Amino acid sequence: MCGIVGVLGKHEVAPIMVEALRRLEYRGYDSAGIATIDERLQLHRRRAVGKLVNLSDLLVHEPLSGRAGIGHTRWATHGAPSVSNAHPHQCGPVAVVHNGIIENFRSLREDLAAQGTVFETETDTETIVALTRSFLDQGLAPRDAAEQAIARLEGAFALCLLFENEPDLMIAARKGSPLAIGHGEGEVFVGSDAIALAPLTDQITYLEEGDRAVLTRDSVEIYDADGRRANRQVRTIQIDAAHIDKAGHKHFMAKEIAEQPTVIGEALSHYVHDAGIDLPQTLDFAALDRIVMVACGTAFYACLTAKYWFEQLAGLPVEVDIASEFRYREPPIGPNTLAVFVSQSGETADTLAALRYCAEKAQIAAVTNVETSSIARESDVNLPIHAGAEIGVASTKAFTCQLTVLVLMALKAAHARGRIDDATLAARLAELRNLPGRLNLALGQAPQIAAAARAVAEAEDVLFLGRGQMYPLAMEGALKLKEISYIHAEGYASGELKHGPIALIDQTVPVIVMAPHDHLFDKTVSNMQEVMARGGQVLLITDSEGAKTASDGTWRTLVMPDCPALFEPILYALPAQLLAYHAAIAKGTDVDQPRNLAKSVTVE
Ligand code: F6R
């Protein structure tokens, strides 16, 4: 979602900010802009709709000078993507970049309009600068005016303010959306995340909820939500340039798909030792009555898959919910419940709100990819997935690393609850150690998958079917295809086909059946026959045994390496991702930054 940068530097800041904004592109955006304070201490802005290259082009023709600046990539919430709605917003001598939503902006706007403020846009953000200006007009100093304005804002936001005639002052604030301060030598930076600031500094302070920071080149003062001076840790962040580089691949998504054998091996090495699984001791699975799992999108499908594992392996009832539903449903949380929140970014607004609802009611475990994220920090137990920075908007390696950590949790729970013995646990772990090798073999099928994807790309609608633990994967496959190729796709449980979706079947609708030769295979094959009997084109993704027994009459069959049944959802995620990737290439879409999507969804 929106990306923020701010720089009080020693050199011209416009190029530095454009570069920092480039590193925030992965979050998703539809316009971009920067503001600087020039030598005459005046504020100037440049803003452009669309990709960052449009802003860079504009800066070639209309350069901005100055050593202090703020910049922004905007993902539209209030108001269409247009130059006037793009950030920074300015009102008189103050400019702001903002991520989040100001919920009380209408009432603030009415009050300010009644006092004579003329608004240029429909955005909630403009209210922030108008309000700050009204306090400046009352004679307050910039930092006091900012403090008064921020205190009146409701909603979730991260923001950074810059003032005319104040080339050595930035005010940053965080309430609900993440914000990092970067420390340099006689320089200071603000960024939505450490990735934005990676080449500028590795010394980072994360603002906490309600924090406000007064920044000059030589000082960083942070105040907590109660206005008390706060001492926040300066961390040395290791963001290796390789993590934010395509490493020779055409897209980040391709790189991240290819990395999966390595990062899953990494995740395993963090949790699996000798014949056991190392998880924090405070996770007492034997004492649990149930697990509640909450997430959004792809992370939600990881939770749905884990439900099969926890229930079948550990006999633990699991309830899985979409965070945006869970948070307002007021679900009762009984004692002896573990609440698990799964989130790649660790900042998804709905998941975070759901977590806060469960705090104090249940033990909270987070499965995230960002150890410094809000969800990780607000949990009792944090289980990092060790996927490394995921830049492609479509989640790939984070999904399979989430599944890896979740299957380890389920195995640990099964062992702790006496459902599997030491020998069985050791056998499963040995199989898991072989998983990266099998994933490599699956990646070796990429040419065949790409050929199938080119055929799928001609369809307007696609169905994915799966049964048992492959059902969530059918939904994930459909999500991946629609988000990056814009082909309409739905995932169904194979057994549900007859209850409605079969009406859609004709020769124009490819049906992708994800079915390894497991104990449910014959049932899925019956559903597949029902599709073929109606002229449907089946793309069967199966293993060697499945291909031997069921590929007659299919449109195409893709053969995956054999794999122990328990881990098949992890392996079969790869062909689903590659199908989506190659279909998107065939359609010529923007694979890494698909339209309308944001990587880190920090508004509800
Ligand atoms: C799909 C995708 C999204 C995210 C969802 C949750 O490819 O990436 O569906 O999974 O927005 O994001 P996190 O995991 O950051 O909470």
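At a glance:
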quantity: Sparse-neighbour loop sites [trypsin sites (Lys or Arg not before Pro); segment 498-601; at most 15 other C-beta within 10 Å; DSSP]; calculated: 534, 595
quantity: Orientation-averaged projected area, Cα convex hull of segment 1-140 (nm²); calculated: 8.4 nm²
quantity: Whole-number accessible area per residue in Å² for segment 1-140, which is evaluated in the context of all protein chains at 1.4 Å; calculated: 38 Å²
quantity: Semi-axis lengths (Å, descending) of the ellipsoid that matches the C-alpha gyration tensor of segment 397-461; calculated: 35, 15, 9
quantity: Values of log10 I(q)/I(0), in the order q = 0.20 Å⁻¹, for segment 74-217 under a Debye, Cα-only, solvent-free model; calculated: -1.26
quantity: Local net charge near residue 87, Cβ-Cβ under 11 Å (Lys/Arg +1, Asp/Glu -1); calculated: +2
quantity: Pairwise label distance in nanometres, residue 356 with residue 377, each label 7 Å out on the Cα-Cβ vector; calculated: 1.3 nm
quantity: Per-residue ³J(HN,Hα) for segment 448-456, Karplus 6.51 cos²θ - 1.76 cosθ + 1.60, θ = phi - 60°, Hz, x for Gly and Pro; calculated: 5, 5, 5, 5, 5, 5, 5, 6, 4
quantity: By average C-beta atoms within 10 angstrom, highest first, the peptides 13-19, 30-36; calculated: 30-36, 13-19
quantity: Computed label-point distance, nm, for sites residue 329 and residue 440 using a 7 Å Cα→Cβ extension; calculated: 4.2 nm
quantity: DSSP bridge orientation in the chain - percent antiparallel, rounded to nearest 5; calculated: 65 percent
quantity: Modelled FRET efficiency - R0 45 Å, residue 60 with residue 152, Cβ distances, 0.05 increments; calculated: 0.70
quantity: Accessible solvent surface per residue of segment 285-343, calculated while the other protein chains remain in place, 1.4 angstrom probe, Å²; calculated: 36 Å²
quantity: Loop GluC sites (Glu not before Pro), segment 46-120, which have at most 15 other Cβ atoms in a 10 Å radius of their Cβ (DSSP); calculated: 103, 120
quantity: Volume per residue that the Cα convex hull of segment 140-228 spans, once the total is divided by residue count, Å³; calculated: 93 Å³
quantity: Restricting segment 275-317 to chymotrypsin sites (Phe, Trp or Tyr not before Pro) in coil, as DSSP defines it, with at most 14 other Cβ within 10 Å; calculated: none
quantity: Accessible surface of the chain, 1.4 Å probe, proportion on carbon and sulfur as whole %; calculated: 48 percent
quantity: In sequence order, calculated HN-Hα J values of segment 561-573 (Karplus, 6.51, -1.76, 1.60; Hz; x Gly/Pro); calculated: x, 5, 8, x, 3, 4, 9, 4, x, 5, 5, 6, 5
quantity: The chain: radius of gyration and largest Cα-Cα distance (Dmax), Å; calculated: 25.5, 81
quantity: Gain upon complete extension [residue 273, residue 498; 0.36 nm per residue less C-alpha separation]; calculated: 76.4 nm
quantity: Ranked packing of 76-85, 412-421, most packed first, by mean Cβ within 10 Å; calculated: 412-421, 76-85
quantity: Column: log10 I(q)/I(0), Debye, Cα scatterers of segment 3-67, q = 0.15, 0.21, 0.25, 0.28 Å⁻¹; calculated: -0.42, -0.82, -1.12, -1.34
quantity: Over segment 283-364 - Rg/Rh using Cα atoms and the Kirkwood inverse-distance radius; calculated: 0.94
quantity: Two-site label geometry, residue 168 and residue 529: point separation in nm, points 7 Å out along Cα→Cβ; calculated: 8.2 nm
quantity: Against the rule of thumb 2.2 N^0.38 Å, how large the Cα Rg of segment 396-525 comes out; calculated: 1.24
quantity: 0 to 90° range, to nearest 10: angle between helix 142-151 axis and the chain longest Cα axis; calculated: 40 degrees
quantity: Estimated FRET transfer efficiency (residue 84, residue 221; beta-carbon r; R0 41 Å; 0.05); calculated: 0.75
quantity: Options 474, 602, 382, ranked by Cα towards positive dipole end of the chain, top entry (Cβ charges); calculated: 474
quantity: Å² per residue, accessible surface of segment 368-491 at 1.4 Å; calculated: 31 Å²
quantity: Euclidean distance of C-alpha centroids, segment 566-603 and segment 376-416, integer Å; calculated: 18 Å
quantity: Over 18 Å between alpha carbons, listed pairs 250/587; 397/480; 246/397; 482/523; calculated: 482/523
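The values are calculated or read from the model by the stated rules, or taken from the named source; none is laboratory data. Since the structure is predicted, the reported quantities are computational estimates derived from the model, not experimental observations. Note that each Cβ is placed from the backbone with ideal geometry, even for glycine, and that neighbours are counted across all protein chains shown. We work out accessible area using only protein heavy atoms, side chains counted, and drop any ligands, DNA or RNA first. Shrake-Rupley method; radii C 1.70, N 1.55, O 1.52, S 1.80 Å.
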